[in-house]
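Encoded as structure tokens, the structure appears first; notes follow it.
The values are calculated or read from the model by the stated rules, or taken from the named source; none is laboratory data. Every value quoted in this text rests on a predicted model; they were computed, and no experiment measured them. Because the Cβ atoms are built from the backbone with ideal geometry, glycine has one as well, and the counts that use them run over all protein chains shown. Side chains are part of the model used for accessible areas, which takes the heavy atoms of the whole protein and leaves out ligands, DNA and RNA. Shrake-Rupley method; radii C 1.70, N 1.55, O 1.52, S 1.80 Å.
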Amino acid sequence: MGLLALADLLTRHQISAEVVHLGLEWIENHQFSILHYLREKNPRIIALDLHWHHQSYDVMNMVQKIKSEFPSTYVLLGGYTASFFHEEIMKNFVSVDGVIRGEAEQPILELTQILLQGKEDLFSVPNLTWRRKGRILVNPLSYVANEEDLNRLTFTNFHLLKNYQTYIRFIGQPFYVKGVSKERNFWIYSPRSPTYHLPLGRGCPVQCTWCGGGRSAQEIISGRKGVTFRGIEYVLQTIQEALSYGYETFHICFDPYPSNPEYFLELFSEIRKSKIRMECLFESFGLPTHEFIHSFKETFPGPKSLIALSPDAGSNRMRSLHKGYPYSNQALMETLNQLKSNGVFCELFFTIGLPFETQNDIYEIIQLQSSIRSRYPNVRGIRTFTIEMEPGSPWHLHPESYGVKSQLHHFMDYYYHHSGQNRCFSSLGYWIPGYVKGNKDSQGFEKALQKMKCHYFCFIHPIARRSSTPFWGRRFCDLSNLFWKTKRWIRK
Ligand code: SF4
């Protein structure tokens, strides 16, 4: 979400910049080589985002290739994972020249200006970890964007993104299936509506136990101590610009004060006043208020708009233990009643495999889901996922307090975990001894969770944007297994 704003900031200071998205390039041309491309462009600085821990191996692999081919190019990293493990990355990978921790606008501009002047003294660049004569230096984490900083940014300069038309239409959906054309991906696996992830602000005032982006995690990673909203007029401008590029749906995943939605009530009212027609997919961090639901429906009456709720657990006890905004099942049902009576669609998200979870808690999720399915036709889907070990989350920092065992502590653990050498695709990176009877290791834990997911929580549907009940999900799964087995047998 922030990369285009960084590129735009540089270009407004007469520094040419381009964003290249390797997944997007792969879609356009399976033979695309970033090294060839860099040879043509010959940039002075190459910055790679290492935000999600899943990127750990691939990004470092790319960094090493780039540095060996272009030894005089400055190689920079940023993003949450790089920020959290900045010193370890610098120690283990000499190809990395610098890491910008946390928020990057002012740091990347200052760093770039200094490097382009041919200077090497980087002491003044905020948030930078860098090398000087073989030593690793850590500059203070002194830049955290305030409202004026955020208001100055432009998040919609798509011309700075190579092949941006494909990005707008085919990326930004929940997932992309390889082996299927981009058009089929759009029609089958996406909500069939180009979706823009709308930047509204930064920060979260609470800390869920699994989250690497909550209050305490952000304080460590970015030095951010509070929530900052973008001014409403700037958000409106972003919406208008994104619409002009062909976006239709706006995904909002920033709801720091669910019980006090003043900001959204004002934003929605301005959207109505400006007669903007758009769809909205709003992820509520807690439970939306009655006023919010009413205003949401008035502003986004379209068929693709919905509010997503994440009860996560089935019991009040588990929500209080883990969620920053816990609520009771009774309050959840009251909200679902309000959503139903206002004609607002919604989707629900749950999770299993949490610390302190018992069989009884799982049983409560099953009961709750079944009661919601039978009472609320406006609930379009119920999905149950497992959670992975996120750097900087409370589970990661204090596994013993949560009774969690993990093999993922350091950056190199994540690096090897995602190297493809382990069967890590569905591995969560943690396990809970005694979660199920007789489970003695991470494999036993993951197998037990997978069995439970298949049996009680399967939601796969032939049209991936929809979700099935567990019964029909399992039938579809059996059928597609049979299809692939037969196909393999015929090939043989
Ligand atoms: S509400 Fe919880 S999960 Fe969402 S960002 Fe905040 S801490 Fe993370």
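Close amide H contacts of residue 143 (hydrogens built in the peptide plane, cut-off under 5 Å, sequence separation of 5 or more or a different chain): 127. Tell me the Kirkwood radius of segment 85-230: reciprocal of the mean inverse pair distance over distinct alpha-carbon atoms, in Å. One decimal place: 18.3 Å for the Kirkwood radius. Computed over protein heavy atoms with a 1.4 Å probe, the carbon and sulfur contribution to the accessible area of segment 191-457 reaches 52%.
Principal semi-axes of the equivalent ellipsoid, √(5λ) from the alpha carbon gyration tensor of segment 33-147, are 21, 17, 14 Å from largest down.
For residue 161, the residues whose modelled amide H falls within less than 5 Å of its own, excluding neighbours fewer than 5 places apart on the same chain, are 19. Counting other C-beta atoms within 10 Å, and keeping those with at most 10, which DSSP coil trypsin sites (Lys or Arg not before Pro) do you find in segment 401-482? Loop-located and lightly packed - 423, 437, 440.
When we measure straight from the Cα of residue 65, which aspartates and glutamates land under 19 angstrom away, once same-chain ones fewer than 8 places off are left out? Result set, ordered by chain and number: 25, 40, 49, 97.
Segment residue 87..residue 175, full-extension length gain: 28.5 nm, with 0.36 nm per residue of separation and the alpha-carbon distance subtracted. Once the convex hull of all Cα atoms in segment 190-256 is built, its volume per residue stands at 106 Å³. Looking at segment 264-306, the trypsin sites (Lys or Arg not before Pro) that sit in a DSSP loop and have at most 12 other Cβ atoms within 10 Å of their own Cβ are 275, 277.
Taking the charge dipole of segment 33-147 about its Cα centre, with +1 at Lys and Arg Cβ atoms and -1 at Asp and Glu Cβ atoms, the residue from 35, 54, 107 reaching farthest to the positive side is 35.
Working value for the chain: equivalent-ellipsoid semi-axes of 36, 28, 25 Å, each the square root of 5 times a Cα gyration tensor eigenvalue, largest first. Per residue, segment 191-457 exposes 43 Å² of accessible surface when a 1.4 Å probe is rolled over the protein heavy atoms with every protein chain present. In this structure, the pairs whose alpha-carbon distance is over 32 Å, taken from 447/492; 67/162; 182/492; 453/487; 182/405; 225/340, are 182/405; 225/340. A dipole drawn for the chain from +1 and -1 charges on Cβ atoms has a positive end, and of 70, 467, 153 the residue lying farthest that way is 467.
A 1.4 Å probe run over segment 43-157, with the rest of the protein chains in place, finds 44 Å² accessible per residue. Equivalent-ellipsoid semi-axes for segment 191-457 (Cα gyration tensor, √(5λ), whole Å, largest first): 34, 23, 17.
Size of segment 238-383 from its Cα atoms: along the principal axes, largest to smallest, the extents are 50, 28, 27 Å.
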